[in-house]
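Data block below; observations after.
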Amino acid sequence: MENQEQSESRLSKNVDEHIANLRSKLFQNTECGTTHYNLAVALMGKQEYDEAENVLHDAVECSPNFAEAYVLLGGLCLQRNDLDGCLRYNRYAVKSRAGFAEGYGNIAFVLLQQCAGTDHVEDTKKIDEAIKMLQKAIIHNSKFVQAFTTLGTAYFMKGLIEEAVEANKKAITIEPDFPIAHNNLAVAYFELKDYKKALEHCDKASRLGYDVPKELIAELDPHR
């Protein structure tokens, strides 16, 4: 029976062969954006992020409307905590492809991350734009569970707790065991002082393996 070390070695060899094949294809045709993109994905799998970034730039140079390549570039920016870069590339993604739900969702996520709490007017603008982006994402993908949970977060940040509850309830309608939605519902119901439902969703999130904030658990414990 194959042990873990042998399995990992075999997988690594397969990835290396895949990368070599893609490089060979590019040697024959340097203008194929899809091959550049596939090579970048493989390199990211090996955590060779700098080279992957260069290859993704080659991909969009060959195919300027390659939305998925822009999203991956945004993901690399996010790894470096470059929120502005992540936002910029995802804006490119939705411009290059109308109705690209993932790009809209990513834009919203970054906008909410950029809310620092130091400028209420600026934060409100970002939250409002995030809500619009998420509504677009849901229009184009009605099963986009992460968009519903992020929309719930945006509503919560805006003080619209009932709307936050409804958004997360839609998420668990799509995916009943989505832990983030249950955690978010626990937080929202706690805010509404509906402690029974807050405990129910807090416990469900924990059972699903979600790292529920210790502060929320401590606040809910007296209501058990």
Kirkwood Rh and Cα-based Rg: tell me the resulting Rg over Rh for the chain, rounded to two decimals. 1.06
Where the centre of each part is set by its Cα atoms, how far does segment 69-122 sit from segment 16-43, in angstrom? 26
Using alpha carbons only, what's the Rg to Rh ratio of segment 97-224 with Rh from Kirkwood? 0.99
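Given Lys95/Lys126; Lys136/Lys214; Lys95/Lys125; Lys169/Lys193; Lys132/Lys169; Lys46/Lys214, which pairs have Cα atoms separated by over 25 Å?
From Lys95/Lys126; Lys136/Lys214; Lys95/Lys125; Lys169/Lys193; Lys132/Lys169; Lys46/Lys214, over 25 Å: Lys136/Lys214; Lys46/Lys214.
Under Stokes-Einstein, with the Kirkwood radius over Cα pairs standing in for Rh, what whole-number D in µm²/s applies to segment 1-98 at 10 °C and 1.306 mPa s?
111
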Sorted from largest down, what three extents in whole angstroms do the Cα atoms of segment 50-152 have along their principal axes? 40, 31, 19
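If you keep only loop residues by DSSP, which GluC sites (Glu not before Pro) in segment 23-72 have at most 13 other Cβ atoms within 10 Å of their Cβ?
Qualifying residues, ordered by number: Glu31.
How about segment 117-171: which trypsin sites (Lys or Arg not before Pro) there lie in a loop by DSSP and see at most 14 other Cβ atoms within 10 Å?
Working: sites: Lys125, Lys126, Lys132, Lys136, Lys143, Lys158, Lys169, Lys170; in loops: Lys143, Lys158.
Those satisfying the criteria are Lys143.
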Rounded to the nearest 500 deg cm²/dmol, what is the calculated helix-only ellipticity per residue at 222 nm for the chain, with -39500 (n - 2.57) per DSSP H run of length n ≥ 4? -25000 deg cm²/dmol
Give the list, by residue number, of cysteines in the chain with no other Cys Cβ closer than 4.7 Å, or say none. Cys32, Cys62, Cys115, Cys202
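Rule-based calculations on the coordinates, nothing more; no lab input. A quick note: this is a predicted structure, and the numbers were derived from the prediction, not measured. So basically every Cβ, Gly included, is an ideal-geometry build from the backbone, and we count neighbours across all protein chains shown.
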